[in-house]
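Down below is the structure, laid out as structure tokens.
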Amino acid sequence: MREIIKGDVLSKRSEHARILDGAEVSDAVIASVRQSIDEHVGHGGRRPGLAVILIGSDPASAIYVRAKRRDCEKAGITARDFDLPAQTPEAELLQLIDQLNDDPDIDGILVQLPLPSHINEPAVTNRIRAEKDVDGFHAFSVGSLALRQPGLRPCTPRGVMTLLNYYGIKVIGMHAVVVGASNIVGRPMTLELLYMGATVTTTHKFTRDLEAHVRMADLLVVAIGKPGIIQAEWIKPGAIVVDVGINRTDAGKLIGDVPFSEARKRAAWISPVPGGVGPMTRATLMQNTAEAAGISVSRPSLPAE
Ligand code: NAD
């Protein structure tokens, strides 16, 4: 897959932060995935296959899964759907994963989280064969990233790196502060940034004096899931702000964790919600699926330290 870079535009500062436009960049990623897949098929290859497993009828999960299926169509990936009832026993789900692990037409297996409470999440994510772990949640995938031998990488943090890369933002040497330390966002985000040569501080709910850490951030990545914790005046002037949080207001509006309008007056770059990290996560799933099928693997180069 060709590298998607918009050029080195970091130096252009205006009064308001420039937008890290995830809608635009995700389209570029999906178009690039599509092109790579079509070329592969043109040379006699098989279209990548993605198994999408949804358990239960959680409305938010159903929306995400529908969107992923649409993305597959755009990217030229064959989606195979498995909609299972909420009471599906764990053993049955594991059995389905085993079958899909052995299915030569399936390159990626996605189990939509969260799972019903009677199912053990790590048991499920670790049952997916690492080569088909397109969400990047398997212990092997995260461990490989930690050891600077990335294979399939967790979608949201990888999507953030693609977004920064597109705008020519190089994190090497920056002080990056990640707020949130979950297995699917905060922790692998820390590993991605470390891999690319940033000095990383990871903060979480037990962090004392969050403000002091945020004030030092050249690059701030926020993934809490609660608006109102990060205050705009904490943001270092000229910082790059990536807002991963997704929250719904009482009026039904989607907002991030960062107060966008005020933060925009201080930051150099900021990602909006919606239209920032969300579409990047979905596009990265398509990229990971293509790569799991052995189609064009693009990897960042290893920094010296
Ligand atoms: P999570 O609940 O698993 O983790 C939240 C993290 O925030 C925890 O590590 C916790 O320690 C930390 N935290 C909580 N209160 C804090 C505080 N006062 N100060 C500092 N840290 C605090 O959530 P998650 O799965 O990591 O998701 C985080 C947010 O990102 C949610 O809004 C979620 O919807 C969103 N999300 C977005 C995408 C996307 O593609 N844009 C993908 C995944 C998650």
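List, please: which pairs have Cβ atoms under 7 Å, are six or more places apart or on different chains, and start with a residue in the stretch 106-125 that is within 11 Å of Ile53 (Cβ to Cβ) and end with one that is surrounded by fewer than 20 Cβ atoms within 10 Å (Cβ to Cβ) and of a type in the set (S, T, N, Q)?
Here the result reads Gln112/Ser61, each pair linking the stretch 106-125 to a residue that is surrounded by fewer than 20 Cβ atoms within 10 Å (Cβ to Cβ) and of a type in the set (S, T, N, Q).
Could you please find all residues in the stretch 202-229 being more than 7 Å from the ligand (Cβ to nearest atom), under 21 Å from Pro274 (Cβ atoms) and among the β-branched types (Val, Ile, Thr)?
Residues satisfying the conditions are Val221, Val222.
Looking only at the stretch 190-214, filter to residues that are touching a residue at least 40 places away in the same chain (Cβ under 8 Å) and in contact with a helix residue (DSSP H, G or I) (Cβ under 9 Å, 6 or more places away or on another chain); which one of those is nearest to Gly143 (Cα to Cα)? It would help to see each step written out before you state the result.
Our first condition is that a residue be touching a residue at least 40 places away in the same chain (Cβ under 8 Å); within the stretch 190-214, this holds for 191-192, 195-197.
The next check asks that each one be in contact with a helix residue (DSSP H, G or I) (Cβ under 9 Å, 6 or more places away or on another chain); those that pass are 191-192, 195-196.
Numbers: Leu191: 10, Glu192: 12, Tyr195: 12, Met196: 16 Å.
Step by step, filter the stretch 190-214, then rank; the result is Leu191.
I need the full set of residues from the stretch 264-277 which are surrounded by fewer than 24 Cβ atoms within 10 Å (Cβ to Cβ) and either assigned to a helix (DSSP H, G or I) or out of contact with any strand residue (DSSP E or B) (no Cβ under 9 Å at 6 or more places or on another chain) (or both), in order please.
Residues satisfying the conditions are Arg264, Lys265.
For every residue, the table says whether it meets (1) under 26 Å from Asn126 (Cα atoms); (2) in contact with a His (Cβ under 9 Å, 6 or more places away or on another chain).
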{"position": "Arg153", "(1), (2)": "yes, no"}
{"position": "Val160", "(1), (2)": "yes, no"}
{"position": "Leu163", "(1), (2)": "no, no"}
{"position": "Ile169", "(1), (2)": "no, no"}
{"position": "Gly173", "(1), (2)": "no, no"}
{"position": "Arg187", "(1), (2)": "yes, no"}
{"position": "Thr190", "(1), (2)": "yes, no"}
{"position": "Val200", "(1), (2)": "no, yes"}
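In the stretch 207-230, how many residues are more than 24 Å from the chain's Cα centre (by Cα) and open to solvent by 70 Å² or more (accessible area, probe 1.4 Å)?
Total meeting the criteria: 4.
Looking only at the stretch 118-144, how many residues end up being in contact with a Leu (Cβ under 8 Å, 6 or more places away or on another chain), open to solvent by 50 Å² or more (accessible area, probe 1.4 Å) and among the polar types (S, T, N, Q)?
The qualifying residues number 0.
Scan Thr199, Thr162 and give me the residue that is open to solvent by 30 Å² or more (accessible area, probe 1.4 Å) and hydroxyl-bearing (Ser, Thr, Tyr).
Answer to the check: Thr199.
Is it the case that Lys236 is basic (Lys, Arg), more than 11 Å from the ligand (Cβ to nearest atom), open to solvent by 10 Å² or more (accessible area, probe 1.4 Å) and not in a helix (DSSP H, G or I)?
yes
Yes/no per residue for (1) within 14 Å of the ligand (Cβ to nearest atom); (2) within 19 Å of Gly276 (Cβ to Cβ):
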| position | (1), (2) |
| --- | --- |
| Leu147 | no, no |
| Pro150 | no, no |
| Leu163 | yes, yes |
| Gly180 | yes, yes |
| Met189 | yes, yes |
| Leu193 | no, yes |
| Val200 | no, no |
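Answer yes or no: is there a residue in the stretch 296-305 that is loosely packed, with under 14 Cβ neighbours inside 10 Å and farther than 24 Å from Arg158 by Cβ.
Checked the stretch 296-305: no residue is loosely packed, with under 14 Cβ neighbours inside 10 Å and farther than 24 Å from Arg158 by Cβ.
When both residues are 6+ apart or on different chains and their Cβ atoms are under 7 Å apart, which pairs have a first residue that lies in the stretch 241-261 and is without any contact (Cβ under 8 Å) to a residue 12 or more places away in the chain and under 21 Å from Leu193 (Cα atoms), and a second that is open to solvent by 50 Å² or more (accessible area, probe 1.4 Å) and more than 8 Å from the ligand (Cβ to nearest atom)?
Taking only residues 6 or more apart or on different chains, not a single pair turns up.
Provide a single number: the residues in the stretch 239-254 that are more than 9 Å from the ligand (Cβ to nearest atom) and open to solvent by 50 Å² or more (accessible area, probe 1.4 Å).
5
How about the stretch 78-102: which of its residues are of a type in the set (A, V, I, L, M, F, W, C) and open to solvent by 10 Å² or more (accessible area, probe 1.4 Å)?
Those that are of a type in the set (A, V, I, L, M, F, W, C) and open to solvent by 10 Å² or more (accessible area, probe 1.4 Å): Ala79, Phe82, Leu84, Ala86, Ala91, Leu94, Leu96.
Results for (1) farther than 18 Å from Ala290 by Cα; (2) assigned to a strand (DSSP E or B), shown as yes or no for each residue.
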{"site": "Glu39", "(1), (2)": "no, no"}
{"site": "Arg47", "(1), (2)": "no, no"}
{"site": "Leu54", "(1), (2)": "yes, yes"}
{"site": "Ala62", "(1), (2)": "yes, no"}
{"site": "Asp71", "(1), (2)": "no, no"}
{"site": "Asp83", "(1), (2)": "yes, yes"}
{"site": "Glu92", "(1), (2)": "yes, no"}
{"site": "Ile97", "(1), (2)": "yes, no"}
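Within the stretch 284-292, does at least one residue satisfy the condition of being surrounded by fewer than 24 Cβ atoms within 10 Å (Cβ to Cβ) and within 11 Å of the ligand (Cβ to nearest atom)?
Within the stretch 284-292, none of the residues are surrounded by fewer than 24 Cβ atoms within 10 Å (Cβ to Cβ) and within 11 Å of the ligand (Cβ to nearest atom).
The values are calculated or read from the model by the stated rules, or taken from the named source; none is laboratory data. A quick note: this is a predicted structure, and the numbers were derived from the prediction, not measured. Cβ coordinates were reconstructed from backbone atoms using ideal geometry, including for glycine residues, and neighbour counts include every protein chain displayed. SASA here: full protein model, heavy atoms, side chains in, ligands and nucleic acids out. Shrake-Rupley method; radii C 1.70, N 1.55, O 1.52, S 1.80 Å.
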